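The values are calculated or read from the model by the stated rules, or taken from the named source; none is laboratory data. The structure displayed is predicted, hence computed values, not measured ones. Positions of Cβ are backbone-derived with ideal geometry, glycine not excepted, and every protein chain shown enters the neighbour counts.
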């Protein structure tokens, strides 16, 4: 079971202000950074800054952009909140740990036949309410549960960082193992939950389950590799510096 990570830990990321930063106003504007004849061969390359803003752009995630959804399913009623997260609705398809969903998959439940439907993650968000016709007036998606399934090819075994958010509670499985669970009545924040996904080389099965009390019914899942994680740490460090009023005045600086 995954738990929310409180930030990225101790980062050890230092931000060096650009040449002449902090110089008195009476002085001439500082010249752009340039590598003067380095004493050590190749040292000048270490001082060559990236293009402005490049180091602080949000890295691209490689999470699934298209999913197969199954639902809407009736949420369990009872004393325990979000009990539906622990109820396996997919028994006729092999169960949550073993399910493989494709475009022809159909789920038989309480005399109903539910077919898998393709849904795109728009701006990283999968919207079950929109898919199943929910509106604030009709309430047809209130007290419901749905699944989203995707397969992800990985060239080699690696550990990805997952950034996840949901409205309301949710659970996530990777290759049959539940790796995250969040039982909460909440609005979606795509960055609210951080957990790791140990990807296997080849095909990886990702299953997401989201319950809904009323109103919005969505989830967001983004995945980042090792290089992207470093950039996220830099972004986190800069955010904290800016909150303390210690951030640079411009983007002309080195990392």
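Going by the conditions given, is residue 116 assigned by TED's automatic domain parsing to the domain that holds residue 98, modelled with pLDDT of 95 or more and surrounded by fewer than 12 Cβ atoms within 10 Å (Cβ to Cβ)? Judged against the criteria, residue 116 is not a match. Any residue that is modelled with pLDDT of 50 or more, in a loop (DSSP other than H, G, I, E, B) and surrounded by 11 or more Cβ atoms within 10 Å (Cβ to Cβ) - is there at least one of those in segment 67-76? Checked against the condition, which is being modelled with pLDDT of 50 or more, in a loop (DSSP other than H, G, I, E, B) and surrounded by 11 or more Cβ atoms within 10 Å (Cβ to Cβ), segment 67-76 yields at least one hit. Listed by position, the strands (runs of 3 or more DSSP E) contained in segment 90-189 that have at least 1 residues being on the phi < 0 side of the Ramachandran plot and more than 24 Å from the chain's Cα centre (by Cα) are 106-109, 112-115. Of all the residues that make up segment 171-230, how many are out of contact with any strand residue (DSSP E or B) (no Cβ under 7 Å at 6 or more places or on another chain) and under 13 Å from residue 63 (Cα atoms)? Number satisfying all stated conditions: 1. Looking only at residues in segment 88-113 that are over 16 Å from residue 67 (Cβ atoms) and in contact (Cβ under 8 Å) with a residue 12 or more places away in the chain, which one is surrounded by the fewest Cβ atoms within 10 Å (Cβ to Cβ)? Out of the qualifying residues, it is 110. Given (1) at pLDDT 85 or above; (2) more than 21 Å from residue 124 (Cα to Cα), where does residue 240 come up short, assuming only one miss? It is condition (1) that residue 240 fails. Filtering segment 208-227 to residues that are in contact with a helix residue (DSSP H, G or I) (Cβ under 9 Å, 6 or more places away or on another chain) and more than 16 Å from residue 196 (Cβ to Cβ) leaves 209, 210, 211, 212, 215, 216, 217, 218, 219. Residues in segment 190-206 that are in a loop (DSSP other than H, G, I, E, B) and at pLDDT 95 or above: 200, 201.
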